[in-house]
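Read the structure below first, then the notes.
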Amino acid sequence: MTENLHRVLYLSYAPEAVYAMWRKALPEGCELLTLSANSDAERLEKLAIADAVIVAPAVLRPEWVEKAPRLKLVQHQGVGWQGETPIPELRARGIRRPSTPPARPMW
């Protein structure tokens, strides 16, 4: 792996079809890190080398942020990020957390 490769961790254990969807959506130069089981130990191992994290439905615990020295971006998949993303810890490290605005009603 090269230094320019961006590693994106999908924080939840998911079916291969979900991982395949994310691999297809990632831009060139990115590698999707996935879990082989629903294991916090494996999450922490992969957080240590991740540049970005996709959160949902697993929660990114506040104490995990310090164990992710390369982390620059946390993206929440879906709605309800407030209870699943440690905002103070991310702000303290200058880690970006983009958000998707709510959809406008069609009527």
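A short reminder: the numbers here are calculations on the coordinates, not readings from a lab. Quantities reported herein were computed from a predicted structural model and do not represent experimental measurements. Backbone-built Cβ (ideal geometry, glycine too); neighbour counts: all protein chains shown.
Quick look at the numbers
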quantity: Peptide ranges 37-49, 7-19 listed from the most packed, as the mean C-beta count within 10 angstrom indicates; calculated: 7-19, 37-49
quantity: Amide N of segment 44-64 lying under 19 Å from the label point, which is placed 7 angstrom from the Cα of Ala20 along Cα→Cβ; calculated: none
quantity: Calculated diffusion of segment 23-79, Stokes-Einstein form, Kirkwood radius summed over Cα pairs, 25 °C and 0.890 mPa s, µm²/s; calculated: 203 µm²/s
